[in-house]
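Here the structure is laid out as structure tokens; the discussion comes afterwards.
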Amino acid sequence: MGARWREARVCAVAGGAAAAGYALAAALRGAWPPGAAEVAVPFHAQLWDLAHGRATGDLLFTWNSGYGAPFLADFFAHLMNPFSWLAVLLPRSQGQLAVFLTAELSIGLGTALMAHVLGRLHPGPHWLRAVTALGYGLCAWVPTVGGAAPMWLWGLVSLPLLVLAGDWCLHERRWVSGALCVAVAWAGNLYTAAMATATAGLVLAVRLLAVRRPFKAAVRATGRAVTLAAAGVALAAPVLFTAVRAAQEAQPESPVQPLGPSGLGGHLAQLLPVTGSGPPVPDVSIGLFGLLLVAGLPFNRRVRPRERALWCGVLALVVLSFVRTPTVLVWHGLAIPAGGPYRVPFVLSGLLVLAGWVSLAHRPDRWTLLGGAAVALLVAAIAAARHPAPASTWVLLTAGGGVLLGALGTLEVRHTDRRAGAAATAVLGCAVLGGLVWSAYPALGGPAGATATGASVRAAYAAVWQSADWPRARTDPGPHAFTPNDPLLLDGQGGGYASGYLPTVTALLLHDLGAGWGAGGRQTASVTDPVGRALFAVRTRLADGPPPTGFTVVRAAAAPPLVTVLPPGGAPDTSSVWSRQESLLGSPVYDVPEPVPDGGPAPTAHGTSGWSVPPTPAGADGTAFAAVCTPGGTAYFHGVWFAGTVSGLGTVYRSDGDQPTTAVPIHELGPVPADGRVRVVLHADAVTQVPARPIGCLRPGALEAAVARLARTGATRVAAGGHSVTAALPPGSTGTALVSVPAAAGWTCAAGGGRHRAPDSVLGMVGVPLGAGADRIDCSFRPPGLDEGLTVVLASATVITLAGVLGRHRRAARPPRRRGAVERARREGASGPRSG
């Protein structure tokens, strides 16, 4: 009991110190993790709504974002970190605090587990394990990448958890517990779990090969690891199957240049503390203490040559895999993530910490320390020659290095003196923690400004809540935007959604109807024109407004119901954004004139593909287009990918299109004058493309008449569940019932009480054929892959349960053995006799 209590204290101190260090760095910087407000905070707000029964959707589907989108895959991706549920206990407006606490606890638990795993890797001084583990919990990846994404920080927990499971395989024990550890890692976050599993496999391979053991024992350990991993992953099958199917249906990622010309110096610089900004390279620094230990490992003659060679070889292999594009793709599941090509450095940081501990546990002598210092200085010199480092890096290298080397030297020279050892350990702990906090300070970014928990956001949430009329009509938080996920943040029903699992059908539907997008379609936005809002039954919206809130509430006089009826007819017209809107509306409401070049640099016509607009020289007139519309109407311009300035009818605005990454939404120009002439001038930054019919004029009174017809012929009553919608229609309705929801895979619908089947896609919207006549429709959504995943998890749970029962029965049938002899045999098999 005493040993267990001591181990618990060591792990608790390590975890607490790491969490406190991260909190101290954030407090000194006065900043939340950069980027947390854009994605993590809105998703935690949705979690709060789900837990408190305030959400319009459920775990399977969200009515908030993308005008209705699958949600389970995003829930698994963003909210399966167990600590995320702290958001439920806090006020909804404290999303930033919830994300920060989730990060804190993940860092603490990951560091505590690493401290325990170091002891399983090789016995050594307990408190030095805690000091060494700090380099993992506060590695450079944590403040730069992980802190803003609690989902990825679960990887910080998964890696030591899986290494621990590998240790149990090595000792041929706890197969069931190991499978559960794998399941916890994979259920928490697939992305980081896959990387951590590969890394844990490398650690197990090193340990298997580092000590000569019987071939059968190695085969048994390997077999246990493979079966344990397979059972654990199968136990997380609902997460895996749902994510894979959602990824297959998702909008493809924009092409990203994975690796820049960072060179050797740029990569070596990331091993140093407090590295300045530069080309994108992996953030792998574990602090100067860890760097000295790893750099000294090749010189530590107290570590068996075979073990030294294996650890150095594995580190070199992983480092090389981080600088080659094909292997970087493998680490990231064959897809370089947008925003940066390195999301996995924590696994290399973990390997560095494990290798450093192997050296420290064998009590490095003075030649080892001098060799490590020389390598660290060589790294610093090469990095400084090609990648300038800030002054703080040199302060830590000189002053901090001297303190660390002095303390490590004391541990070697006076290793029999308990007081000297305790003092040296205390100095090491303070120096290591101080250096890691100093390194984390600049990585957290600038001081906090306006955040997603500010007064304006609370005012917007209150405005959306007071205007709620779901499911009779939508309340759209856009086009005004605080974050890319405002519908989740403000609990509205809008088009904005930033997600790696955003269905292609959703992105293309909104794009084709004139809404903007970013990140190549993985970030959609609300529609900005009145016809688009009518198509999605938007009655109330938030538009840009004056301070202090920055928004204004706009209410439409009327909106169609969520379910309308299109009369029987021909195929929809897809020749322009205006014709697509009219096809879904079921009424012609636009004048769509053919534009005529009217001055400035001449554009090149490409038929139905559009116009190429040449760049406008500085100080020159732009390319002009003229068109004629019905006087009294309202003119709109849709440039889609146009980059430059647009002016017309007294309106001037900046268009920042960038094909295929950024699409610009429809923009209102103003009322059509009495002569009907609409002239638009484009000042292009470079050669760019605009559609063949970029100008559309909404005829006076046409939309109002169309909305009145839709209200008259559409649903008389609409009821929406978490992932279902039911609508009562006028008796004998024929044609197609159009549900203003993207037709994502997973919907099934029935008309008139008939059999459920996959609905039609009407330009990307859910369409339910009414046949000879129907008075109601029923639609329900179920994520693809969920049923298969539940089947697999049931089978896996059965296997794991049987294995547990059989294992317990077999242990009970064995004759009692002396525990001390067994434990000694296990340690000899894992690490071999300690040398030195």
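To put it simply, the accessible area of the chain at a 1.4 Å probe is 63 percent carbon and sulfur.
Counting Lys and Arg as +1 and Asp and Glu as -1 over every other residue whose Cβ lies under 15 Å from the Cβ of residue 777, the net charge comes to +1. Relative to the longest principal axis of the Cα atoms of the chain, the long axis of helix 401-413 makes an angle of roughly 30 degrees.
Take the Cα of residue 399, step 7 Å toward its Cβ, do the same at residue 554, and the gap between the two points is 5.7 nm. Taking a ≥ b ≥ c as the square roots of the Cα gyration tensor eigenvalues, the stretch 116-197 comes out oblate, since a/c reaches at least 1.5 and a/b does not exceed b/c.
Taking a ≥ b ≥ c as the square roots of the eigenvalues of the Cα gyration tensor, an a/c ratio of 1.5 or more together with a/b larger than b/c marks the chain as prolate. Multiplying the residue separation of residue 302 and residue 205 by 0.36 nm and subtracting their alpha-carbon distance yields 32.8 nm.
Computed over the Cα atoms of the stretch 77-165, pair by distinct pair, the Kirkwood hydrodynamic radius stands at 13.6 angstrom. Loop-located trypsin sites (Lys or Arg not before Pro) across the stretch 144-249 with a Cβ neighbour count of 11 or fewer within 10 Å are 212, with loop assigned by DSSP. Note on residue 413 and residue 319: their simple-model spin labels are 3.0 nm apart, each label 7 Å out from Cα toward Cβ. If a spin label sat at a point 7 angstrom from the Cα of residue 719 along the line to its beta carbon, no backbone N atom of the stretch 57-84 would be nearer than 13 Å.
Based on the Cβ-Cβ distance from residue 462 to residue 377, what FRET efficiency comes out when R0 is 45 Å, to the nearest 0.05? After rounding, the FRET efficiency stands at 0.15. Going 7 Å from the Cα of residue 782 toward and past its Cβ, which residues in the stretch 677-721 have a backbone nitrogen under 18 Å from where you end up? What the label zone holds, given the 18 Å backbone N cut-off, is 721.
Based on C-alpha pairs under 8 angstrom that are at least 6 apart in sequence, the chain has a relative contact order of 15 percent.
In the context of the full set of protein chains, residues of the chain present 40 Å² of accessible surface per residue (probe radius 1.4 Å, heavy atoms only).
Helix 819-831 and the long axis of the chain differ in direction by around 70°, with both axes built from C-alpha atoms. Near residue 693: Cβ cut-off under 13 Å, other residues only, Lys/Arg at +1 and Asp/Glu at -1. The net charge is -3.
Its alpha carbons considered, the stretch 647-727 gives a radius of gyration followed by a Dmax of 19.0, 51 Å.
When cysteine pairs in the chain are screened for C-beta atoms closer than 4.7 angstrom, the residues that find no partner are 11, 139, 169, 181, 312, 430. When a/c is below 1.5 the answer is rounded, else prolate if a/b is larger than b/c, else oblate, so apply that to the stretch 674-802 with a ≥ b ≥ c taken from the square roots of the Cα gyration tensor eigenvalues. Note, shape of the stretch 674-802 comes out oblate. Note on the chain: with charges restricted to the Cβ of Lys and Arg (+1) and Asp and Glu (-1), its dipole about the Cα centre is near 5100 debye. Taking Cα centre as origin and charging only the Cβ of basic (Lys, Arg, +1) and acidic (Asp, Glu, -1) residues, the dipole magnitude of the stretch 43-196 rounds to 260 debye. Over the chain, DSSP H runs of length four or greater, each weighted -39,500 (n - 2.57), average out per residue to a 222 nm ellipticity of -15500 deg cm²/dmol.
If only the Cβ of Lys and Arg carry +1 and only the Cβ of Asp and Glu carry -1, the dipole of the stretch 636-729 around its Cα centre is close to 460 debye.
Between 198, 354, 738, the Cα set farthest toward the positive side of the dipole of the chain (charges on each charged residue's Cβ, about the Cα centre) is that of 354.
The values are calculated or read from the model by the stated rules, or taken from the named source; none is laboratory data. From a predicted model like this one, the values you see are computed outputs, not experimental measurements. Heads up, the Cβs are rebuilt from the backbone with ideal geometry, glycines too, and the neighbour counts pull from every protein chain shown. Surface areas here come from the heavy atoms of the whole protein model, side chains and all, with no ligands, DNA or RNA. Shrake-Rupley method; radii C 1.70, N 1.55, O 1.52, S 1.80 Å.
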